[in-house]
1. Filter the range 322-335 down to the residues that are more than 26 Å from the chain's Cα centre (by Cα) and hydrophobic (A, V, I, L, M, F, W, C), then identify the one that is nearest to THR269 (Cα to Cα).
2. Which residue is nearest to PRO314 (Cα to Cα), if the candidates are limited to the range 213-236 and must be out of contact with any Gly (no Cβ under 9 Å at 6 or more places or on another chain) and surrounded by 18 or more Cβ atoms within 10 Å (Cβ to Cβ)?
3. Out of all the residues in the range 254-282, which are of a type in the set (A, V, I, L, M), modelled with pLDDT of 80 or more and touching a helix residue (DSSP H, G or I) at 6+ places or on another chain (Cβ under 9 Å)?
4. State which residue pairs qualify: first residue over 8 Å from SER8 (Cβ atoms) and inside the range 67-80, second residue part of a helix (DSSP H, G or I) and of a type outside the set (Gly, Ala, Ser) in any location, beta carbons under 7 Å apart, and separation of 6 or more residues or different chains.
5. Is it fair to say ALA158 is surrounded by 15 or more Cβ atoms within 10 Å (Cβ to Cβ), modelled with pLDDT of 85 or more and either of a type in the set (Gly, Ala, Ser) or part of a loop (DSSP other than H, G, I, E, B) (or both)?
6. Quick check on this structure: which one of LEU100, LEU150, LEU113 is at pLDDT 80 or above, aliphatic (A, V, I, L, M), within 21 Å of ALA72 (Cβ to Cβ) and not in a loop (DSSP other than H, G, I, E, B)?
7. Select from the range 318-336 the residues that are surrounded by fewer than 19 Cβ atoms within 10 Å (Cβ to Cβ) and of a type in the set (Gly, Ala, Ser) and list them in ascending order.
Amino acid sequence: MHLLIVDSQAGTGTGHNLAFTGTIIDGARRLGWQVTVVSPHPPAPGPLRWEPVPPAIAPGRSARQARARHRATIAFAGRLAARTGVDLVLDTYLHPELGLPRFPRGTPPRVRLAHHHLRLRTNRVRRWSRRWAPPHVHRLARLAADGDVLAAMTPEGAASIAAQVPGGRTLLVPHPIAVEVAPSSHAVNDPPVLAFPGEPRADKGWPELLAALRLLRHDVELQIISVATSDDLPGSVGRARITWERDVADHRAFVAALGACDAAVLPHTAAFARRGGASSTVLEAFAAGLPVVAGIALRPSVPDDPEVVRLVDPADAAALAAAIDDLVEHLGAARAAARTIGPDHVATHHDATATLQRMVDALGIR
């Protein structure tokens, strides 16, 4: 089986390659598949074929640059797949703001994956006719008519796409985790190191977390694990020292940095849930055997075990601080439980090889 992965956002600072493409690559390797990655910038190093997109496009993050990069990547990938005998094409960034470009005619079977960008946008209108549908709905219908399988990472996302494109093929693709690491077993750091994996953004509860840190009763180190940069973050808040681990461009380096921490804090907000988001970072934390304090928006992604996961409304700073303090006070027991329950949860529900097999079955590839 020859898989061609199209990642138009690799190397742009979005973290997308870390969150999804790297795990798919690892899963394909475990299946013995041949992998080709088409992207403007190199993915994580490893035994795969990388096809840079010509001509080179500046790695900017403006909307215009992103649309141009995506359009060029899709066109080049389609032509490459048609002439090299690819069996399956996976576009990892289906996003209305990128224009939803079509693959060229003759492109092999395709899965177009939306992470959390295709929720139904009706504004004040609960039911709309095709005439009054948002513009991206017409483009989605065009992709479905071309034979593309439209995929989402959450049941809500898949249902939203199905509602917008009746009759199209829709696939639920639970976020895959493929990197195999031994669950964290180091001695607890002093003070405990709490990971905040990913870019510190409002929808991930960063402002709420800063408010909670001011209320903590225990000394902790909060380590941000992300390739993103920011110059306006404090070095400490209350009894929490804030550090940043940026040398995580390779997916395995990201997982290793996460595993060196004692626990993870992911106070994702209701805004994240409304976008239909699927959090890879909480799954990476479970795979590393870490206990987690999580926002209630992540309830669908976490195992039902209060020893391993402390769910809290991040809008309540006192409750978030109390959950972090409780985790610190019972960190030994929480880590012991998480070393078994976390990896088992990921292996059962988010195995990358099962995700790839689901795509193959949906397209009828033999």
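The values are calculated or read from the model by the stated rules, or taken from the named source; none is laboratory data. Just so you know, these numbers come straight off a predicted model, no measurement behind them. Cβ: placed from backbone, ideal geometry, glycine included. Neighbour counts: every protein chain shown.
1. Applying the first criterion (more than 26 Å from the chain's Cα centre (by Cα)) to the range 322-335 yields 322, 325-326, 328-333.
Filter once more, so that each one left must be hydrophobic (A, V, I, L, M, F, W, C): 322, 328, 331, 333.
On the way: ALA322: 17, VAL328: 22, LEU331: 24, ALA333: 27 Å.
Applying the filter and picking the extreme gives ALA322.
2. LEU222
3. Once the filter is applied, which keeps residues that are of a type in the set (A, V, I, L, M), modelled with pLDDT of 80 or more and touching a helix residue (DSSP H, G or I) at 6+ places or on another chain (Cβ under 9 Å), the range 254-282 yields VAL255, LEU258, ALA263, ALA264, VAL265, LEU266, VAL282.
4. ARG67/LEU98
5. Values: surrounded by 15 or more Cβ atoms within 10 Å (Cβ to Cβ): yes; modelled with pLDDT of 85 or more: no; either of a type in the set (Gly, Ala, Ser) or part of a loop (DSSP other than H, G, I, E, B) (or both): yes.
No.
6. Numbers: LEU100 fails: not in a loop (DSSP other than H, G, I, E, B); LEU150 fails: within 21 Å of ALA72 (Cβ to Cβ).
Only one candidate passes the filter, namely LEU113.
7. Those that are surrounded by fewer than 19 Cβ atoms within 10 Å (Cβ to Cβ) and of a type in the set (Gly, Ala, Ser): ALA318, ALA319, ALA322, GLY332, ALA333, ALA336.
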